[in-house]
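Here is the structure we will look at, set down as structure tokens.
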Amino acid sequence: MKLNLLPGLKRLPLTDLIKFLIVYVAQLALENMLRHTVAAADYLVFSPSLTFFAGLVVYAFKPGFRWFALLQLLGFALFLMCYIPHNYYFNLFSFYSRYDYLFLNTRAVLGGLLLASLCLGFVLLFAKMQFVVLASLRKRVQVIITFYAILLGGKAVWILVNPIPSVSAASRMLTVADISTFRSIGIDYEKFATGVATRYRCAGLNNFSPSWHYLSDQNGDRDLLILMESWGTLKDPALQRKCINYLRGLFPASRADNGKVTGPLFDEACFHGNTASAEGRELLNVNDEESYQSFLNNPKLAAFNIVKQKKMQQRFTIAGFTASIAYGRNWSNAEGFRKLIGFDSRFYYEDLAKRPAAPLNRESPYKAVDDEVMIDSLFEESQKHAKVFAYGLTINTHSQFTLDHARVDPVEYRRARALMLPCFSGNIHAFDQFFRISRILRHISVRLREQPRLFDRVLIIGDHANPDIRSRELYSQEKVPYIFIGSTVPAGRSEKQQP
């Protein structure tokens, strides 16, 4: 059967067009699946990548598997190299600058190499299957030209009917994904190279981070700040409220000496990056990872420094981190950052592991003890000082998280799962991580009830959404939850006010 589609072109076999359509649809399906699982994209792309188009052009005029497969590998490798760092809220270049991580977790490296080998084999097999179909085309040049003429012609008509004033028609002829990928590489490099600090932006708190909003003044002599790893806000507000109501039951309201009920307050704040960005957000009132780098490069330029301010208020400052001091010797310099910002006392996994009953935690990829051990150490050291600012960063719930069922009460787990699993659309990975976070929060609540006068104010806040590719699509990519417990809640600051 013959089909004449465009004037000036020879009659094309319909079977050739059907075969090419199969190759095209298979490419779209794979690319959209990757965007959905790796990049948590909530849209579909109907034009495949530029490297696939280039592979077809090369194949049309120089048929052969080598160049077609090479361009397919290049396309998928470029996508993964860009989106994996962004999935974990990293600047692309800062992510790959952390090469020292390769020497800290041999098991993770070997697992990554195995996964990369499997991906390489899959892409080659996929390309080979596509090539076999393409090789059976009797008029490959005419088919490819005809198909893309129809595709680009249809897209041009759609652009004319649906114009976007701020975007050029030429750029929209390319796929949105390709444009954003190449543009993001340039943006990330510019940010990485300059490392300019920008102030935190979130309209809800007048552009002050929660720690600055609630803890920076002198109304409390004893303040506790906990940055909770990968504690995010669900996209669905109703389901998020259910999660908060569950957590609210862990923090019963109490009364101050004046009879006033003292919390807790549950709310949300904006986040703009990874854990380093979150540390900068809460301790320096800055906006992103590049601002964190800017502080490391020149700490004297910091307009806000809550640790410095607390020391000026005669508070002893303490920083605890559940993981090893070895993590982050490059850009995300955990120990260097804490020294520069001015903490009087700092402790890490190496210190915590010496404590009795401090088992190695295997729920995250990081060498660490249980977060509860770090929290207990913060409480114990805080007792030694009349005025204190204590800060702790957890790690156990870091992606890729796996709940240690051997150390969980099975009855309690089943009860919580029956109640809360529907909030996570039946995703057991997301629920398990939430369950572990709730156990850490319960531990904090128990310690606060045991020592009700140890801290005047407590702020517990997520650093960023859970980036686990198995559940990332469930979470807001803009907000994180927080809990504030204190006898006074400060009035909102104006934009011109500075602590």
Consider Arg414 carefully, then state whether it is in a helix (DSSP H, G or I), under 20 Å from Gly462 (Cβ atoms) and of a type in the set (Lys, Arg).
no
Checking Pro365 against (1) in a loop (DSSP other than H, G, I, E, B); (2) in contact with a Lys or Arg (Cβ under 6 Å, 6 or more places away or on another chain), which test does it fail?
(2)
Do any helices (runs of 4 or more DSSP H) lying entirely in region 86-162 carry at least 2 residues that are modelled with pLDDT under 75 and open to solvent by 40 Å² or more (accessible area, probe 1.4 Å), and which ones are they?
106-135, 140-161
Is region 382-401 home to any residue that is more than 22 Å from Asn274 (Cα to Cα), assigned to a helix (DSSP H, G or I) and not basic (Lys, Arg)?
yes
Can you tell me which residue is modelled with the highest pLDDT among those in region 327-343 that are open to solvent by 10 Å² or more (accessible area, probe 1.4 Å) and more than 26 Å from Gln313 (Cα to Cα)?
Tyr327
Filter result (of a type in the set (Ser, Thr, Tyr) and farther than 11 Å from Tyr292 by Cα) within region 185-206:
Tyr189, Thr194, Tyr200
Restricting attention to region 174-187, does a residue exist that is at pLDDT 85 or above, assigned to a helix (DSSP H, G or I) and open to solvent by less than 10 Å² (accessible area, probe 1.4 Å)?
no
Failed condition for Ser171, given (1) modelled with pLDDT of 55 or more; (2) small (Gly, Ala, Ser); (3) in a helix (DSSP H, G or I), with all others met?
(1)
Scan of region 444-461 for residues that are surrounded by fewer than 17 Cβ atoms within 10 Å (Cβ to Cβ) and assigned to a helix (DSSP H, G or I), ordered by number:
Val446, Arg449, Glu450
Being of a type outside the set (Ser, Thr, Tyr), open to solvent by 50 Å² or more (accessible area, probe 1.4 Å) and in a strand (DSSP E or B) is true for just one of Arg346, Arg355. Which residue is that?
Arg346
Of all residues in region 423-436, which are in contact (Cβ under 8 Å) with a residue 24 or more places away in the chain and either over 16 Å from Arg241 (Cα atoms) or assigned to a helix (DSSP H, G or I) (or both)?
Cys423, Phe424, Asn427, His429, Ala430, Asp432, Gln433, Phe434, Phe435, Arg436
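The values are calculated or read from the model by the stated rules, or taken from the named source; none is laboratory data. Predicted model, so just to flag it, every value in this text is computed and none were measured. Using ideal geometry, Cβ is built from the backbone for each residue, glycine included, and neighbour counts are taken over all protein chains shown. Surface areas here come from the heavy atoms of the whole protein model, side chains and all, with no ligands, DNA or RNA. Shrake-Rupley method; radii C 1.70, N 1.55, O 1.52, S 1.80 Å.
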